[in-house]
Amino acid sequence: MPARTVASDPGANAPVRYDVSFPQAAHHRARIVATWRGVPAGPLRVQMSRSSPGRYAIHEFAKNVYDVSATDGAGRPLKLIRTDPYGWSVAGHDGTVIVSYTLYADRGDGTYAQIDATHAHLNMPATFMWATGYDAQPISVRFTSPDPTWKVATQLPGGSAPGSYWAPNLQYFMDSPTELSNHMVREWQEAGKTFRLALHHDGTAADLDRFTEKAKKVVAEEIKIFGAPANYDFGTYTFIADYRPWVTGDGMEHRNSTIITDQRSLAQANDDQLGTLAHEFFHSWNVERLRPRELEPFDFTRANPTPSLWLAEGFTSYYGPLAIRRAGLASVDEWLGEMGGMVSGVVNNPARLPARINASPQEMSLRAPFVDAATAIDPVEPNIFSSYYGYGAVIGLALDLQLRQRFPGKSLDDYMRLLWATHGAPEKPYTPADLRAALTTLTGDKAFADQFFDRTIEGSFLPDFAPLLDQAGLVLRAANPSKGWIGRTNATQEKDGVTLLLSPAQNTPLFAAGADRGDVILSLGGQPVGDLAAWNAGVAALKSGTPTELRYRQRGVERVATLTPAADPTLEIVRGETVGRTPTPQQRAFRAGWLGAE
């Protein structure tokens, strides 16, 4: 989110100042003193956020704040009035309001905060109160570490006082996650910018060096896509990574930094986390600056939905793996395995069945507040959502191949560069209509652009991928053509038998047979199902088109149904060479121009 204006260090007398200490770090607590100066007459509203940049759902950060007190500039106690769960009103001040509070924090990921004896991992909306009317004011923050070995990794510029940092405004401050720990740092230059990787882990320096070399190649490859780095506000982009057993795996983009977390060691998670790094770094263009209008400015009091996550998140999910492939860090077959899985998942997802209304990528984007790390105690209908990450990635694949087929010399790279030039670099938020207009500009073919948006973005149409992939000598085929398939068969062993863990998808034989989540499987094909091994063996023996009997108990009632397995619809993408086809020179050239030289 925009820095808006880059000011200078406001110093200790900043209009907004935070002092952060960790007197009980082992118990996951921080003590925070927030000071607002120049407060107009009347009550000051202070509150915790309910949402966080990069997330699209509600997160109630106020639940972890307690022991709240307030004084004025002379140290006189002030009364706190609370009429809602999210904040407080402070009246009777002398133009200065000082609020002190304790924060409990023990979830290390891209959304929350975690404090313990080894580090303080702070996502700002989960950590800091803010005051109404101070959005544009510069902010100073000072950290007092409980361990002299701790260093600070953040996109915030350093202040003049030891341990102090600053932000030009609230939007930038809230978008600036900060890690305090005894972490390792590697730094390099690329395209005139400084890149920094700060890693908190139990591994070796050699592990970090290997990962850094891969990160360098991904960074360089993604810069090629846009033609230049994004304009980092203070000249530096920082990757902040935590690889610790007690964190939660995640990745979260920010304006000039990224958070990556994983419970595994760096050595164990190396390739997986390279994918996370590639995805989040691509966001430094696509969503941090090339930004949907609905997210600008970010509203910390509510969920922030947009119909354009198919591009903001989905196209990013297409380009992350593609950049790794083009950088030579994944083989063509590895990339095809990943992309083939996404194509199969989207094509076969019941949420976009042709007969279903409101199944477009825009609709899936608008459902983000219900799924993006959101929690609910009631079950969710399993047939109404297709992730905008995979859905958008598959749309990106389709559009890239259609552009290369119909408009020689044009590709999705050109579309992204055009969007960057018209909306990203000048930081002019876009609307869905702007995206449509840009495709018309790129192709010079309004009919093509309108058809793409009408059918694929506002509808749920996907093209036939087989001829599109054939341009590169690639083949879309059934992954398991001889396998009988009934849908998701995940189950668990319980006292009374084998219980289905997931609701079947609507377009599956198991759904047609009436079975659902929580049902106890009694027999399959006349054979008792007493344990997971028997269930898995029975499923593996099923033949497509051959009916069999399924006996199960559903909420106390024993039921018998005819289960007719179908042909497994799972798809995969392979090189033509895999199925005995020799690519033509034209196909090889197309593949190399798209995926990079093998």
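The values are calculated or read from the model by the stated rules, or taken from the named source; none is laboratory data. Just so you know, these numbers come straight off a predicted model, no measurement behind them. With ideal geometry, Cβ positions are generated from the backbone for all residues, glycine too; neighbour counts draw on all protein chains shown.
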Neighbours by Cβ (under 9 Å, 6+ apart or cross-chain): first from segment 34-49, assigned by TED's automatic domain parsing to the domain that holds Val65; second of a type in the set (Lys, Arg): Ala34/Arg17; Thr35/Arg17; Trp36/Arg17; Arg37/Arg17; Met48/Lys63
Residue list for segment 547-577, restricted to those being buried (at least 16 other Cβ atoms within 10 Å of the Cβ), within 31 Å of the chain's Cα centre (by Cα) and of a type outside the set (Ser, Thr, Tyr): Asp568, Leu571, Glu572, Ile573, Val574, Arg575
When residues of segment 189-219 are limited to those that are within 18 Å of Ser257 (Cβ to Cβ) and touching a residue at least 60 places away in the same chain (Cβ under 8 Å), the one surrounded by the most Cβ atoms within 10 Å (Cβ to Cβ): Phe211
Where Ala26 falls short, out of the listed (1) closer than 21 Å to Ser140 by Cβ; (2) not in a loop (DSSP other than H, G, I, E, B): (1)
Cβ-Cβ under 9 Å pairs, at least 6 apart or on other chains, segment 578-592 side exposed (fewer than 13 other Cβ atoms within 10 Å of the Cβ), far side in a helix (DSSP H, G or I): Thr582/Gly576
Top-ranked residue of segment 403-455 - restricted to ones that are acidic (Asp, Glu) and within 28 Å of Pro467 (Cβ to Cβ), ranked as farthest from the chain's Cα centre (by Cα): Asp445
Near pairs, Cβ below 6 angstrom, 6+ apart or cross-chain, from segment 149-162 (farther than 19 Å from Glu187 by Cβ) to any residue that is among the hydrophobic types (A, V, I, L, M, F, W, C) and surrounded by 14 or more Cβ atoms within 10 Å (Cβ to Cβ): Gly159/Trp166
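From the list Val68, Val90, which one is under 23 Å from Ala26 (Cβ atoms) and free of Cβ contacts under 8 Å to residues at least 60 places away in the same chain? Even if it seems obvious, please write down each step before you answer.
Values: Val90 fails: under 23 Å from Ala26 (Cβ atoms).
Criteria check complete, one pass: Val68.
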Test set (1) more than 20 Å from Ile115 (Cβ to Cβ); (2) part of a helix (DSSP H, G or I) - Gln189 fails condition number: (2)
Qualifying residue in segment 501-508 (condition: of a type in the set (Gly, Ala, Ser), surrounded by fewer than 19 Cβ atoms within 10 Å (Cβ to Cβ) and either under 30 Å from Gly337 (Cβ atoms) or assigned by TED's automatic domain parsing to the domain that holds Gly320 (or both)): yes
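Of the residues Ala117, Ala57, which single one is loosely packed, with under 15 Cβ neighbours inside 10 Å and touching a residue at least 60 places away in the same chain (Cβ under 8 Å)?
Numbers: Ala57 fails: loosely packed, with under 15 Cβ neighbours inside 10 Å.
Being loosely packed, with under 15 Cβ neighbours inside 10 Å and touching a residue at least 60 places away in the same chain (Cβ under 8 Å) holds for just one of Ala117, Ala57, which is Ala117.
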Strands (runs of 3 or more DSSP E) contained entirely in segment 458-569, each with at least 1 residues that are farther than 30 Å from Pro585 by Cα: 491-494, 497-500, 520-524, 548-554, 557-563
All positions within segment 401-414 that are without any contact (Cβ under 8 Å) to a residue 60 or more places away in the chain and farther than 21 Å from Gly320 by Cβ: Arg406, Phe407, Pro408, Gly409, Lys410
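If you check Ala198, Ala191, Ala205, which single one turns out to be outside the structural domain of Tyr112 (by TED's automatic domain parsing) and at positive phi?
Values: Ala198 fails: at positive phi; Ala205 fails: at positive phi.
Going through Ala198, Ala191, Ala205 in turn, the sole match is Ala191.
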Residue within segment 269-277 that is in a loop (DSSP other than H, G, I, E, B) and farther than 29 Å from Arg436 by Cα present: no
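Being among the charged types (D, E, K, R) and surrounded by 23 or more Cβ atoms within 10 Å (Cβ to Cβ) is the requirement here; does Glu313 meet it? Spell out the reasoning first.
On the way: among the charged types (D, E, K, R): yes; surrounded by 23 or more Cβ atoms within 10 Å (Cβ to Cβ): yes.
Yes; evaluated as a whole, the condition is true for this residue.
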Test for Arg244: is it under 27 Å from Gln114 (Cα atoms), crowded, with 19+ Cβ neighbours inside 10 Å, among the basic types (Lys, Arg) and within 23 Å of the chain's Cα centre (by Cα): yes
Flag if Ala398 is without any contact (Cβ under 8 Å) to a residue 24 or more places away in the chain and in the same structural domain as Leu353 (by TED's automatic domain parsing): no
Where Pro23 falls short, out of the listed (1) touching a Pro at 6+ places or on another chain (Cβ under 8 Å); (2) loosely packed, with under 14 Cβ neighbours inside 10 Å; (3) more than 27 Å from Pro245 (Cβ to Cβ): (3)
Test: residue in segment 371-388 that is at pLDDT 90 or above and closer than 26 Å to Lys446 by Cα: yes
Residue check for His93: within 30 Å of Phe281 (Cβ to Cβ) and either hydroxyl-bearing (Ser, Thr, Tyr) or outside the structural domain of Arg255 (by TED's automatic domain parsing) (or both): no
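Would you confirm, using the coordinates I've provided, whether Asp233 is outside any helix (DSSP H, G or I), surrounded by fewer than 20 Cβ atoms within 10 Å (Cβ to Cβ) and modelled with pLDDT of 95 or more? Quick ask: steps written out before the conclusion?
On the way: outside any helix (DSSP H, G or I): yes; surrounded by fewer than 20 Cβ atoms within 10 Å (Cβ to Cβ): yes; modelled with pLDDT of 95 or more: yes.
So Asp233 fits the description; yes.
So which residues in segment 37-91 are of a type in the set (D, E, K, R) and more than 17 Å from Val16 (Cα to Cα), if there are any at all? Before you say what the answer is, go through the steps one by one.
If we filter segment 37-91 for residues that are of a type in the set (D, E, K, R), which is where we start, we get 37, 45, 50, 55, 60, 63, 67, 72, 76, 79, 82, 84.
Within segment 37-91, Arg50, Arg55, Glu60, Lys63, Asp67, Arg76, Lys79, Arg82, Asp84 meet the criteria.
Can you tell me which residue among Ala330, Ala421, Ala376 is without any contact (Cβ under 8 Å) to a residue 60 or more places away in the chain, within 30 Å of Asn231 (Cβ to Cβ) and surrounded by fewer than 20 Cβ atoms within 10 Å (Cβ to Cβ)? Before the answer, list the steps.
Numbers: Ala330 fails: surrounded by fewer than 20 Cβ atoms within 10 Å (Cβ to Cβ); Ala376 fails: within 30 Å of Asn231 (Cβ to Cβ).
After applying the criteria, what remains is Ala421.
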Every pair of residues 6+ apart whose Cβ atoms lie under 6 Å, when the first sits in segment 221-243 and is within 21 Å of Gln273 (Cβ to Cβ) and in the same structural domain as Ile259 (by TED's automatic domain parsing) while the second is hydroxyl-bearing (Ser, Thr, Tyr) and assigned to a loop (DSSP other than H, G, I, E, B): Tyr243/Ser265
Tyr430 vs. criteria crowded, with 16+ Cβ neighbours inside 10 Å and out of contact with any Phe, Trp or Tyr (no Cβ under 9 Å at 6 or more places or on another chain): yes
Residue match in segment 173-180 (condition: surrounded by fewer than 23 Cβ atoms within 10 Å (Cβ to Cβ) and either out of contact with any strand residue (DSSP E or B) (no Cβ under 6 Å at 6 or more places or on another chain) or under 24 Å from Gln24 (Cα atoms) (or both)): no
